[in-house]
Amino acid sequence: MRSQLIVDRMLVYQASNVLYDERFHHGVNIIHGSNGSGKSTLADFIFFGLGGDLREWKPYASRAEAVLLQITTPQGVLTTRRHVSTDAGRPMDIFFGPMDQALSAGSDLWQSYPYSRPERGYSFSQILFRAIGLPEAISDGASNLTMHQILRLIYVDQLTPIQRIFRVDRWDTWQTRQAIGELLAGIGGYELYDRQILLRETEKKYKDVSTALTNLMSVASGYGEQILVEHIETSIANASQERTRLLAAIDALGDEDDDGEATQALKSARAEALKAFRTSRRRVVDLTDAIETLGYEIEDADAFLDHLRESLRDFDDAALTFTALGRLDFEFCPSCFAVVRERAADHCQLCNEPHVHGTDDSRTLAVRLDLQMQLRESTILQEERQAELAVMTANLRVAKLELRRASTTIEVSRTGPATKREASVAELSRKVGFIDSQLEVLQKRLELGRKIRALSQQKEDLNSDVSRLRYEVEAISRSQDQRKRSTYTLISSEAKALLDHDLEEHSDFGKVEHVDFSFAEDWIAINKDKNRSGSASGMVVLKNSFTAAVMFSSIADARFCLPRWMLFDNIEDKGMVEERSWNFQRLLVSKSAETEHLHQIIFTTSKIAPELEGSDLVVGRKYTKVAPSLAIVAPSTTTTN
């Protein structure tokens, strides 16, 4: 299935007033008017409505409250709504159906999705990626490849420097640019990008671990070999044995000449020991019960997850059956078995709702997304339960150890009352206390030794990971080389063909042998000369020709993931003469008319070619400073749900 995006309609409103409401069509769409009439504002609204992160609005556009777009995708018709704001990362509301239905729908029929990928649920980019047919970023590393990032390549605006391919972005990296370009060109998915991001993060971890290990080694340098875990564990074992021997000696002391005060002290010790024993036993019982209950919950959740997976498989089978067979005609109602009355041909036979093109697919997408979201959230909850079970099991082991210690203390306290040999007891107790302090110091030193050993192992593992990831990056790059060469050759050929048709009297390119470019480094060049054009208007032609070449290459090659959609807002930028602009407009119209594949090109111009003015390609009226693109047209039926 080819990725696809068509903008059918855009509506901009403020409160109850419609500021803009126009329908678009397949192929070339032209928005034209004089300079300063709001053409770029409409382009910004399209960019924003599709998920672009726009924060700086033109004063005239800031009047708007929200923008709605109806889009057609391979998964059906969707309506998006975003509220205008200077805040970054605005969420998006999505209605799974056409705009006419969305405008009258209640708030419960709209779904709100955040800009960034949440811990649970979906971002709106994930929804749109699935609807459009773009590969979804599975890993956290690639999660920043959003609709905003995709639009940076397929929306050519006026503010980006003409030497650059991508729209300027605050958090830009060469890996992101390369990933966007190669993803849309069908060179690869996210595998290379994931590995590059993971390599960068792993190298940073390796550096951090090396620094931490160096710091710990400097602290431990004064201990010499006494910091080795094996030596410390031996010392702890010896001290523990000596402590046990001393406690046995105390236990062996006789109970001659009872002392009332000593007896009372012993009773208190026994009471404390019994209290500790009961507390430990209660904790063991509580943990055992909690683990048993959690085990039952995990079993139930496993059964529910199996049910969701089966439901998703059944739903996909049903959707596939519907695609193969079409709608079913019922003679009897499947609920009450009454005879089904005849309906109009364009209405559902059971519920009598009118059929709207694309709505069945969009409802299918909505149901599938709901099932997938339930499955994803239930899986996350199950993982949390299993993690909790592991923690509780570890706590139970500790609690049982504490219970054994408490039991031992009770047994020692039951040996009898204190004796007259208090001096011996005191001396033995002092030695036990000294050993306890030694054990505390040794335990801290043991923790330091374990940290050093763990960091040393982690450093070694990270070093191996860095080497492995570097090899994988090289291997993936090599495996993609053949596809990359063919794709780049196709784009270069398409761009050369467009440049060859540039007006000779205005062209300053000379003979174009081939067009070179780099997504990662963000440049375009003619015959490897990035400064081949001597004029700013020539660079505009080069940039637009290259971007259009990517678009037409995606039409020619089904392996491209670019959704056969492009938005130009700089057709005659940088002082271009109108004849040169007309020529490029005619090239776009001619190339578009030659293909039978579904696609959409939207461009704005203040110098529309004479034969195109008044044609079916024009969207809306001609805009002027007196009658700009945004105006109060009529009362709106929109709601601000």
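The values are calculated or read from the model by the stated rules, or taken from the named source; none is laboratory data. Bear in mind that the values here come from a model prediction, so they are computed numbers and not experimental data. Cβ: placed from backbone, ideal geometry, glycine included. Neighbour counts: every protein chain shown.
Could you tell me which numbered condition Val577 fails, if it satisfies all but one of (1) more than 17 Å from Asp502 (Cβ to Cβ); (2) in contact with a helix residue (DSSP H, G or I) (Cβ under 8 Å, 6 or more places away or on another chain); (3) surrounded by fewer than 23 Cβ atoms within 10 Å (Cβ to Cβ)?
For Val577, the failing item is (1).
Tally up the residues in the range 519-553 that are of a type in the set (D, E, K, R) and either under 17 Å from Gln158 (Cβ atoms) or in a helix (DSSP H, G or I) (or both), please.
Residues of the range 519-553 that are of a type in the set (D, E, K, R), as a first pass: 521-522, 528-530, 532, 543.
Pick out the ones that are also either under 17 Å from Gln158 (Cβ atoms) or in a helix (DSSP H, G or I) (or both) and you get 543.
Residues meeting the conditions: 1.
Please work out which residue is surrounded by the most Cβ atoms within 10 Å (Cβ to Cβ), limiting yourself to the range 305-334 and to residues that are at pLDDT below 70 and among the small types (Gly, Ala, Ser).
Among residues in the range 305-334 that are at pLDDT below 70 and among the small types (Gly, Ala, Ser), the one surrounded by the most Cβ atoms within 10 Å (Cβ to Cβ) is Ala319.
Of the residues that sit in the range 221-251 and are in contact with a Gly (Cβ under 8 Å, 6 or more places away or on another chain) and assigned to a helix (DSSP H, G or I), which one is modelled with the lowest pLDDT? Show your work before the answer.
Pass one, the range 221-251, residues in contact with a Gly (Cβ under 8 Å, 6 or more places away or on another chain): 227-229, 232.
Subset that is assigned to a helix (DSSP H, G or I): 227, 229, 232.
Numbers: Ile227: 63, Val229: 70, Ile232: 71.
Ranking the qualifying residues of the range 221-251, first place goes to Ile227.
Going through Ser62, Ser16, Ser40 one at a time, which residue ends up being under 19 Å from Leu588 (Cβ atoms) and of a type in the set (Gly, Ala, Ser)?
Ser40
Which ranges mark the strands (runs of 3 or more DSSP E) fully within the range 63-155 that have 3 or more residues being on the phi < 0 side of the Ramachandran plot and of a type outside the set (Phe, Trp, Tyr)?
Fully inside the range 63-155 and qualifying: 66-73, 76-83, 92-95.
For Glu504, work out the one condition from (1) assigned to a loop (DSSP other than H, G, I, E, B); (2) at pLDDT 90 or above it doesn't fulfil.
Going through the list (1) assigned to a loop (DSSP other than H, G, I, E, B); (2) at pLDDT 90 or above, Glu504 breaks only (2).
Of all residues in the range 554-595, which are of a type in the set (Ser, Thr, Tyr), in a helix (DSSP H, G or I) and in contact (Cβ under 8 Å) with a residue 24 or more places away in the chain?
Ser554, Ser581, Ser592, listed by residue number.
Need the failing condition index for Thr176 against (1) in contact with a Leu (Cβ under 9 Å, 6 or more places away or on another chain); (2) without any contact (Cβ under 8 Å) to a residue 12 or more places away in the chain, just the number.
(2)
Just to be sure, is Val512 part of a loop (DSSP other than H, G, I, E, B), aliphatic (A, V, I, L, M) and surrounded by 19 or more Cβ atoms within 10 Å (Cβ to Cβ)? Please lay out each step first, then the result.
Values: part of a loop (DSSP other than H, G, I, E, B): yes; aliphatic (A, V, I, L, M): yes; surrounded by 19 or more Cβ atoms within 10 Å (Cβ to Cβ): yes.
It is true that Val512 is part of a loop (DSSP other than H, G, I, E, B), aliphatic (A, V, I, L, M) and surrounded by 19 or more Cβ atoms within 10 Å (Cβ to Cβ).
If you take the residues of the range 365-410 that are among the polar types (S, T, N, Q) and modelled with pLDDT of 75 or more, which of them is nearest to Gly97 (Cα to Cα)?
First pass over the range 365-410, keeping only residues among the polar types (S, T, N, Q): 372, 374, 378-379, 382, 386, 393, 395, 407-409.
The next check asks that each one be modelled with pLDDT of 75 or more; those that pass are 372, 374, 378-379, 382, 386, 393, 395.
Working: Gln372: 19, Gln374: 21, Ser378: 27, Thr379: 29, Gln382: 33, Gln386: 39, Thr393: 49, Asn395: 52 Å.
It comes out as Gln372.
Out of all the residues in the range 4-59, which are assigned to a loop (DSSP other than H, G, I, E, B) and under 28 Å from Glu594 (Cβ atoms)?
Gln4, Leu5, Phe24, His25, His26, Leu50
Would a scan of the range 538-556 turn up a residue that is in contact with a Ser or Thr (Cβ under 7 Å, 6 or more places away or on another chain), surrounded by fewer than 22 Cβ atoms within 10 Å (Cβ to Cβ) and at pLDDT below 90?
So far as the range 538-556 goes, yes, one or more of its residues are in contact with a Ser or Thr (Cβ under 7 Å, 6 or more places away or on another chain), surrounded by fewer than 22 Cβ atoms within 10 Å (Cβ to Cβ) and at pLDDT below 90.
Given the residues Asp21, Asp44, which is the only one that is among the charged types (D, E, K, R), under 31 Å from the mean Cα position of the chain (by Cα) and closer than 27 Å to Phe129 by Cα?
Asp44
Does Thr72 qualify as being touching a helix residue (DSSP H, G or I) at 6+ places or on another chain (Cβ under 7 Å) and buried (at least 21 other Cβ atoms within 10 Å of the Cβ)?
When the stated conditions are applied, Thr72 does not pass them.
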